[in-house]
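What follows is a short report on a single structure.
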Amino acid sequence: MRVAVVGAGITGAAAAWALARDGHDVRVLEQFELDHDRGSSHGRSRIFRLAYTEPHWVELAREALAAWRALERETGEALLELDGLLELAPSESDSSRETLDACGVAWEAADPARYGVAGPEGWSALVQPDAGIVRADEARRVFLRGIPVQTGARVESLDDVDADVVVVAAGPWARKLLARAGVELAVTETRETIAYFRHEPGIAAVVDRDATGHLRYALRDHVHGLKAGTHMSGRAADPDEPGGANEETVRAIADWVAERFPGIDPEPVAAEPCFYTRTADESFVLERHGRIVVASPCSGHGFKFAPVVGRRVADLAIL
Ligand SMILES: Cc1cc2nc3c(=O)[nH]c(=O)nc-3n(C[C@H](O)[C@H](O)[C@H](O)COP(=O)(O)OP(=O)(O)OC[C@H]3O[C@@H](n4cnc5c(N)ncnc54)[C@H](O)[C@@H]3O)c2cc1C
């Protein structure tokens with residue numbers, strides 16, 4: 001089958017990889033250059049974690065872990081750095097303990113100070129060892145190895161794409177592109193902000209979930225040391241409109257870093273925007289409409305699932 005994949009972010013890359021392994025004639029169409037920073041997949045790292053409070057995400061993450069490991073074995077590339085995630089939550093019931101137990105996933109109670117982190121008095125603190133970071137840029141490059149990618153190729157109409165199946169992995173551009181083909185995608189695009197801080201290597205990832213479920217996070221970055229953000233704090237935006245990091249959000253992130261990481265300089269050394277393509281319940285949209293396969297897994301947590309999503313997309317393409 002001739003399959004065209006629109007978008008060379010992590011979703012399009014992982015889908016192209018799975019489709020090529022199934023023996024299809026795959027090509028990727030990307031509107032910008034590879035490694036551009038205008039969508040959702042740019043950057044050196046993303047959190048990989050099993051620690052979710054909903055069992056279906058834990059199970060999917062577990063499947064993804066096996067798939068990342070298989071990819072590493074097959075390509076000889078180290079893509080995961082899993083030396084643990086520290087999860088802080090106001091109480092045990094706000095934490096992922098119960099869900100991890102129900103799913104049979106190992107975790108231990110932790111002293112945050114051991115990791116240079118200040119956990120508020122009385123909060124639950126746990127370490128989940130099968131967690132850390134995915135080397136994001138490397139992962140995209142590995143998935144695209146050997147796949148023909150046409151850059152500077154913006155698809156304006158899916159009708160113009162010459163292929164048996166068209167996978168739309170267009171991130172925050174997907175809704176408008178699909179609408180022109182009569183396919184509705186119920187998502188909102190928001191421009192989020194992350195900031196970088198100078199930090200000596202510590203635990204790979206820290207997630208702080210407050211009583212309202214609001215998530216702040218920090219993870220290893222191989223250039224500056226620490227990357228931090230506050231989940232779902234961005235405003236609705238058009239990815240074709242210019243826009244940078246939000247100053248107010250950078251300050252909020254810096255305040256959280258100052259509180260949680262008392263040993264480091266809370267002055268950010270860099271900040272950048274990144275798009276979320278959100279569904280109402282943070283689920284992913286993977287569905288088929290005629291020859292179009294929609295692949296929209298984001299809501300700010302889709303990277304870690306890429307090899308599983310790629311596989312699901314390839315399965316949808318052959319139905
Ligand atoms: C700040 C931030 C932090 C995150 N942290 C984590 C994390 O720690 N862990 C985690 O698991 N996930 C995380 N995520 C989520 C994860 O990064 C996304 O789920 C993932 O990158 C989505 O990738 P994508 O390929 O679907 O979209 P994109 O990366 O946006 O890729 C879409 C591609 O399609 C191209 N394109 C669009 N329209 C067209 C067109 N018409 N023609 C040709 N090409 C087109 C675009 O140029 C782009 O390259 C985070 C996201 C952000 C923004």
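Between residue 272 and residue 198, what is 0.36 nm times their sequence separation minus the Cα-Cα distance? Round to one decimal in nm.
Numbers: separation 74, 0.36 × 74 = 26.64 nm, distance 1.54 nm.
Working it through step by step, the gained length comes to 25.1 nm.
Can you give the angle from 0 to 90° between the axis of helix 55-75 and the longest principal axis of the chain, with both taken from C-alpha atoms, to the nearest 10?
70
I need the calculated FRET efficiency for the pair residue 289 and residue 1, taking r as the beta carbon distance and R₀ as 25 Å, to the nearest 0.05.
Numbers: r = 17 Å, r/R0 = 0.67.
Computed FRET efficiency for residue 289 and residue 1: 0.90.
Can you compute the label reach from residue 251? Point 7 Å from Cα along the Cβ direction, backbone N cut-off under 14 Å, restricted to the stretch 211-232.
No residues fall inside that zone.
Which whole number in µm²/s is D for the stretch 2-317 by Stokes-Einstein, with the Kirkwood Rh taken over Cα pairs at 10 °C and 1.306 mPa s? Present the calculation step by step, with values, prior to reporting the outcome.
Details: Rh = 19.9 Å.
It comes out at roughly 80 µm²/s.
Would you kindly state how much longer the chain becomes between residue 279 and residue 223 on full extension, computed as 0.36 nm times their sequence separation minus their alpha carbon distance, in nm to one decimal?
On the way: separation 56, 0.36 × 56 = 20.16 nm, distance 3.18 nm.
Length difference between fully extended and current span is 17.0 nm.
If we sort 234-243, 108-117 on the protection proxy, mean other Cβ atoms within 10 Å, highest first, what's the order?
108-117, 234-243
Quick one: 3J(HN,Hα) in Hz for the stretch 76-89, Karplus 6.51/-1.76/1.60 with θ = phi - 60°, rounded, Gly and Pro as x.
Each residue's phi maps through the Karplus curve to give x, 9, 8, 10, 10, 10, 10, 10, x, 10, 9, 10, 10, 8 Hz.
At 0.36 nm per residue, and after removing the present C-alpha to C-alpha distance, how many nm does the segment from residue 160 to residue 232 gain when stretched out fully?
Working: separation 72, 0.36 × 72 = 25.92 nm, distance 3.48 nm.
Working it through step by step, the gained length comes to 22.4 nm.
Cα centroid distance between the stretch 9-28 and the stretch 76-99, in Å?
The two parts, judged by their Cα centres, are 30 Å apart.
Could you order the peptides 53-66, 190-203 from most to least packed, using the average number of other C-beta atoms within 10 Å per residue? Provide the component values of the computation, followed by the final result.
Numbers: 53-66: 16.9, 190-203: 19.5.
Highest-to-lowest ranking by the protection proxy: 190-203, 53-66.
Give the carbon-plus-sulfur fraction of the accessible surface of the stretch 2-317 in %, rounded to a whole number; probe 1.4 Å, heavy atoms of protein chains only.
Numbers: 6210 of 13120 Å².
Answer for the stretch 2-317 is 47 percent, counting heavy atoms of protein chains only.
Tell me which residues come under 5 Å, amide H to amide H, from residue 237 once H is placed; ignore anything under 5 positions away on its chain.
HN-HN under 5 Å from residue 237: 189, 190, 191.
Would you mind computing Rg(Cα) / (2.2 N^0.38 Å) for the stretch 173-251, counting N as its residues? Kindly include the intermediate steps, with their values, before the conclusion.
Numbers: Rg = 16.1 Å, N = 79, 2.2 N^0.38 = 11.6 Å.
Taking the Cα Rg and dividing by 2.2 N^0.38 Å, one obtains 1.39.
Please list, ordered by chain and number, the residues whose modelled amide H lies under 5 Å from the amide H of residue 153; skip anything fewer than 5 residues away on the same chain.
30, 31, 32
Please state, as a whole number in µm²/s, the translational diffusion coefficient that the Stokes-Einstein equation yields for the stretch 266-311 at 25 °C and 0.890 mPa s, with Rh defined as the Kirkwood radius across alpha carbon pairs.
Numbers: Rh = 12.6 Å.
Using the Kirkwood radius from Cα pairs, D works out to 194 µm²/s.
Quick one: accessible area per residue over the chain, 1.4 Å probe, rounded to a whole number of Å²?
Working: 13450 Å² over 319 residues.
The answer is 42 Å² per residue.
Kindly provide the helix-only [θ] at 222 nm of the chain, computed as the sum of -39,500 (n - 2.57) over DSSP H runs of four or more divided by all residues, to the nearest 500 deg cm²/dmol?
Values: 7 runs with 81 residues, N = 319.
That comes out to -8000 deg cm²/dmol.
What ranking of 222, 42, 36 comes out by heavy-atom accessible area, probe 1.4 Å, highest first?
On the way: 222 115, 42 15, 36 50 Å².
Heavy-atom accessible area, descending, gives 222, 36, 42.
At what distance in nm do the modelled label points of residue 75 and residue 111 sit from each other, each positioned 7 Å from its Cα along Cα→Cβ?
The modelled label-to-label distance comes out at 4.0 nm.
The values are calculated or read from the model by the stated rules, or taken from the named source; none is laboratory data. Just so it is clear, the model here is predicted, and its values are computed rather than measured. With ideal geometry, Cβ positions are generated from the backbone for all residues, glycine too; neighbour counts draw on all protein chains shown. When the accessible area is computed, the model is the full protein with side chains, heavy atoms only, and any ligands, DNA or RNA have been set aside. Shrake-Rupley method; radii C 1.70, N 1.55, O 1.52, S 1.80 Å.
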